[in-house]
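The next block holds one structure in the form of structure tokens; read it before the comments.
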Ligand SMILES: CC(C)(COP(=O)(O)OP(=O)(O)OC[C@H]1O[C@@H](n2cnc3c(N)ncnc32)[C@H](O)[C@@H]1OP(=O)(O)O)[C@@H](O)C(=O)NCCC(=O)NCCS
């Protein structure tokens, strides 16, 4: 049987289960609802494998820590469900994210990238901001600021 994979814009609540399980160790105590989720300019993507949400990615217009002059969006809550990681699905969603932002005239996308995921972003030509290594206040895990210019 052939699997179908589709990238769609969704309501933020549709992504909370994946956020919690993959990014917050399934901890029922922590909140995975972000205060900016429901802002009109926030964008939420789901990757659906046979209609099951297996990838999440959310975007918020936020000043770039690399270059504040640019029209920039911050990417957050990127996660692929455990059983389908490493199959290229996260990459498909990341490509869709970049295309959507480009179509909106956004000049730069940036994120606080988990150090364990930096190779994933490097493979998609994202760059690391030198000297930006830090521990996330939320998860206490090592992160680095990463970014990509979307000007073509
Ligand atoms: C990082 C993550 C989003 C990547 O999504 P994915 O669907 O597994 O990624 P893809 O299959 O499209 O791409 C995998 C590529 O990234 C690389 N990679 C780097 N870090 C990786 C990681 N932690 N897991 C899987 N692949 C990783 C692989 O080498 C692979 O490259 P290749 O295809 O040339 O071998 C996903 O693995 C995940 O959810 N990890 C846990 C949560 C996390 O770290 N999220 C990111 C927060 S910034």
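Things worth noting here:
- Criterion (within 13 Å of the ligand (Cβ to nearest atom) and surrounded by 12 or more Cβ atoms within 10 Å (Cβ to Cβ)) met by exactly one of 119, 26, 115: 115
- Positions within segment 99-112 being within 15 Å of the ligand (Cβ to nearest atom) and touching a residue at least 40 places away in the same chain (Cβ under 8 Å), in sequence order: 109, 110
- Failed criterion for residue 5 (all others in (1) in contact (Cβ under 8 Å) with a residue 60 or more places away in the chain; (2) touching a strand residue (DSSP E or B) at 6+ places or on another chain (Cβ under 7 Å); (3) under 22 Å from residue 146 (Cβ atoms) hold): (3)
- Selected residue [more than 23 Å from residue 12 (Cα to Cα) and more than 13 Å from the ligand (Cβ to nearest atom)] from 137, 65, 61, 142: 65
- The listed residue being over 21 Å from residue 27 (Cα atoms), within 14 Å of the ligand (Cβ to nearest atom), at pLDDT 95 or above and crowded, with 16+ Cβ neighbours inside 10 Å, out of 93, 54: 93
- The criterion of at least 3 residues that are farther than 22 Å from residue 144 by Cα is met by the following strands (runs of 3 or more DSSP E) wholly inside segment 34-104: 43-49, 52-61.
- The residues of segment 61-98 that are without any contact (Cβ under 8 Å) to a residue 40 or more places away in the chain and under 19 Å from residue 20 (Cα atoms), listed by number, are 75, 78, 83, 84, 85.
The values are calculated or read from the model by the stated rules, or taken from the named source; none is laboratory data. None of the values given here were measured: they were computed from a predicted structure. Positions of Cβ are generated from backbone atoms using ideal geometry, with glycine treated the same way; all protein chains shown enter the neighbour counts.
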